[in-house]
Structures are given as structure tokens and as C-alpha cells.
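Comments concern the structure below.
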Amino acid sequence: MKLHLVLVEPEIPQNTGNIARTCAIIGAKLHLVHPLAFKIDEKSVKRSGLDYWDKLAIEEHKNFEEFLEKYKPEETNMFFATTKGKHIYSDVDYSKMDEVFLLFGKETKGLPEPVLLKYIDKTIRIPMRETLRSLNLSNSVAIVAYEVMRQKNFERLEGISSYFDKDLV
């Protein structure tokens, strides 16, 4: 299964670094949609991703329109994460999908409303209390990405550590 994590105009370098690390660990491709509010080689981005940058598949896009033209939502299993999503992220059956795109918007505004309205049936959300705005972006990405991986039985990921199978002295 191919998993694509798409960040549209991310603003906080540490979030992008954390998400890059998640992508490397689960084997997902990271898409960065410009404009970015930082330089990808900034120390804070690199530090958050630690030494995983060389293990990361990454694709950059000039803008959101270019991304949507290349990877057409009508032709792909593309899901738009938003606090106003029509479906709970875990209610989607990802298990039979060979390729999944999960899109996340900028930290301060999310994804553009016209896009969300156009693809309302492809919007997903993480349940949370009504009185609070949203989770941190990197936490949200990890929650949804790991649900996709769980439904795919964590294929290509290591199981229980063999460390616990050893006799401890």
C-alpha cells in the first residue's frame, strides 16, 4: 500500500519535521505544498526529523492547484482532514485501498474552504470536544496515518520487538 501524507502550506517547522519523521518510520511519502512558511533546510525542521531525512520520500509542489492537477481527487483515494469533516477518520475503510492520500492544511487555517466544500464526501475529522479548536498538526497526522496502517495490519512494519523475547539477566 502506498500512503501519501500531504501538508498544504505548513507554517511551523517543528511540525513538519515531526511529520517527516513519521513518514520515514511508516514508509509514507511526504508531499509539501508551497508556499512554506520556512525553509526546508532550517535547523528546527532538521532537528525535529532527526536523522531520518535520508530515509524519506519527499515531493514538493509549487502550489495547491498544481498538486490537485497532478493527483486528481476524483481519481484517487484522497481524504481531506478538517475539524469540520463529514466522516470520522476511523470510519473510512482504507483496508482495500492500494493507495491513500491524506491532506492536512496549514496550522492556522486548515485547508481552503472551497476545496472542502467541493470534496465534502472525502472530508475526515478526528473527534474532539466542541469547545476546543484542534489538535496539533503533527499529532493529527500521526493519528490518522496510524489508523490507515492499522487497517492494513501494519504491513511492512515490524511487529513486537524481539527484545522482550530474550532472557533478561
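The values are calculated or read from the model by the stated rules, or taken from the named source; none is laboratory data. Computed from a prediction, not measured in an experiment: that's the story for all the values here. Glycine also receives a Cβ, built like all others from the backbone with ideal geometry; neighbour counts cover every protein chain displayed.
So is ILE143 outside any helix (DSSP H, G or I), modelled with pLDDT of 95 or more and surrounded by 10 or more Cβ atoms within 10 Å (Cβ to Cβ) or not?
The answer is no for ILE143.
Of all residues in the range 106-121, which are closer than 17 Å to PRO10 by Cα, of a type outside the set (S, T, N, Q) and part of a loop (DSSP other than H, G, I, E, B)?
Selection gives GLU107, LYS109, LEU111, PRO112.
Hey, VAL92 hits all of (1) farther than 16 Å from MET1 by Cβ; (2) of a type in the set (A, V, I, L, M); (3) modelled with pLDDT of 95 or more but one; which does it fall short on?
For VAL92, the exception is condition (1).
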